[in-house]
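To start, the structure under review is shown below, and the notes come after it.
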Amino acid sequence: MVGSTSMEKFATALSEVFMEKYPSVTVQAEFVGSGAGIEAVTNGSADIGNSSRNLKDEEKAKGVVENIVAIDGIAVVSDPANAVDNLTKDQLISIYNGTTTIWKDLGGADQPIVVIGRESGSGTRTAFEELLKLEDACKYSNELDSTGAVMAKAASTPGAIGYVSLDVLDDTVKTLKLEDKEPTPENIKAGSYILSRPFVMATKGEVSEQSDLVKALFDYIHSDEGKELVKAVGLIPAN
C-alpha cells in the first residue's frame with residue numbers, strides 16, 4: 001500500500017492486524033500523499049493506492065478503481081488559547097481565501113490569523129479545498145507535508161488555524177465547531193458536519209481481479225472485525 005498520510009493510522013493498524021492473522025504475509029505501507037499513491041497503483045509499483053479523496057475522472061480512465069473503505073471527517077484546529085469556538089462555513093472560507101486576517105473580526109483576540117494547510121498533492125488539502133470550493137484560492141502562511149506537522153504547528157503557534165484528519169485529534173489543539181456542529185462520527189454520518197471525505201483504497205481493476213492476498217485484505221476490511229477496526233481508529237465504516 002502506498003499513499004495518503006491521513007490514512008497512516010488506519011493503514012498501519014490494518015497492516016498489523018492482518019499480519020497477526022496471517023503470519024506468512026507481509027503488508028508494507030508507505031505514506032507519501034494521495035496523488036503519489038494513485039500514481040503507484042496506476043504504474044503497478046503498488047497493489048493498493050491509499051487516497052483520502054475521491055478519484056478524479058482521468059485517474060479512473062487509466063483503469064484505477066475507487067474502493068471506499070471508510071469515511072473521515074476533516075477537523076479544523078487552532079492553537080489552544082484561541083477564544084473562538086465556532087465558525088460558520090462562510091467565515092472558514094473567508095479565513096482561507098485571505099479575506100479575514102485577524103481573529104478579532106470573528107470574536108477572538110486582536111491577533112493575526114496564521115493560516116496553515118497541507119502541501120499540494122495532499123488528499124486532505126484537495127478534499128478541504130473542494131468541499132469549500134476554494135481550489136487554488138487559499139492563501140496559506142505555511143504548507144506542511146503531513147498531518148502530524150499541521151497538528152504540531154497549530155498547537156505551538158499563537159493565532160494558528162489548520163485542518164487535519166479526524167482520527168488524530170488530541171488535546172494539544174483546540175477543535176473548532178463548524179456551523180455549531182462538532183466533528184463527531186454521529187454528525188458526519190448524519191450529514192450535519194460540513195467537512196467529510198472518503199478514505200479510498202484504489203486498485204488497478206476491480207478487487208475481484210486482484211491477487212488472493214489483496215482480495216483477502218478487502219474481505220477483512222468488510223468483515224465485522226474490520227469494521228470494528230475502522231471505528232477504533234476514529235473513522236466511520238463505509239457500509
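The values are calculated or read from the model by the stated rules, or taken from the named source; none is laboratory data. This is a predicted model, so every value here is computed, not measured. Note that each Cβ is placed from the backbone with ideal geometry, even for glycine, and that neighbours are counted across all protein chains shown.
Under 6 Å between Cβ atoms, which residue pairs at least 6 apart in sequence (or on different chains) link something in the range 36-64 that is touching a residue at least 60 places away in the same chain (Cβ under 8 Å) with a partner that is acidic (Asp, Glu) and not in a helix (DSSP H, G or I)?
Correct list of pairs: Leu55/Glu66.
State whether the residues of the range 51-70 include one that is crowded, with 16+ Cβ neighbours inside 10 Å, closer than 27 Å to Ala152 by Cα and over 13 Å from the mean Cα position of the chain (by Cα).
Scanning the range 51-70, I find no residue that is crowded, with 16+ Cβ neighbours inside 10 Å, closer than 27 Å to Ala152 by Cα and over 13 Å from the mean Cα position of the chain (by Cα), so the answer is no.
Check Asn82 against each of (1) touching a residue at least 40 places away in the same chain (Cβ under 8 Å); (2) not in a loop (DSSP other than H, G, I, E, B) and name the one condition it does not meet.
Status for Asn82: all satisfied but (2).
Please verify whether Ser196 is under 16 Å from Gly73 (Cβ atoms) and in contact with a Pro (Cβ under 9 Å, 6 or more places away or on another chain), treating the condition exactly as stated.
When the stated conditions are applied, Ser196 passes them.
Determine, yes or no, whether Gln28 is farther than 17 Å from Gly148 by Cβ and surrounded by 17 or more Cβ atoms within 10 Å (Cβ to Cβ).
So Gln28 fails the test.
Is the range 125-134 home to any residue that is in contact with an Asp or Glu (Cβ under 9 Å, 6 or more places away or on another chain), among the hydroxyl-bearing types (Ser, Thr, Tyr), closer than 19 Å to Lys174 by Cβ and touching a residue at least 24 places away in the same chain (Cβ under 8 Å)?
No.
Could you list, in sequence order, the residues of the range 71-86 that are at pLDDT 95 or above, among the hydrophobic types (A, V, I, L, M, F, W, C) and surrounded by 20 or more Cβ atoms within 10 Å (Cβ to Cβ)?
Ala75, Val76, Val77
Out of the residues in the range 87-103 that are part of a helix (DSSP H, G or I) and among the polar types (S, T, N, Q), state the one that is surrounded by the fewest Cβ atoms within 10 Å (Cβ to Cβ).
The qualifying residue surrounded by the fewest Cβ atoms within 10 Å (Cβ to Cβ) is Ser94.
Look through the range 191-222, keep the residues that are of a type in the set (S, T, N, Q) and within 23 Å of the chain's Cα centre (by Cα), and return whichever of them is nearest to Phe18 (Cα to Cα).
For the range 191-222, the residue satisfying everything is Thr203.
Being within 19 Å of Ile221 (Cα to Cα), out of contact with any helix residue (DSSP H, G or I) (no Cβ under 8 Å at 6 or more places or on another chain), in a loop (DSSP other than H, G, I, E, B) and modelled with pLDDT of 95 or more narrows it down to one residue among Ser45, Ser24; which is it?
Within the list Ser45, Ser24, the selection yields Ser24.
For residues that are part of a helix (DSSP H, G or I) and touching a Ser or Thr at 6+ places or on another chain (Cβ under 8 Å), scanning just the range 107-130, find the one that is nearest to Ala160 (Cα to Cα).
Top of the filtered list is Thr124.
With the range 157-239 as the region, which helices (runs of 4 or more DSSP H) entirely inside it contain at least 1 residues that are basic (Lys, Arg) and within 23 Å of Lys89 (Cβ to Cβ)?
Ranges flagged: 185-190.
When you go through (1) crowded, with 23+ Cβ neighbours inside 10 Å; (2) closer than 25 Å to Glu228 by Cα one by one for Ile38, which number turns out not to apply?
Condition not satisfied by Ile38: (2).
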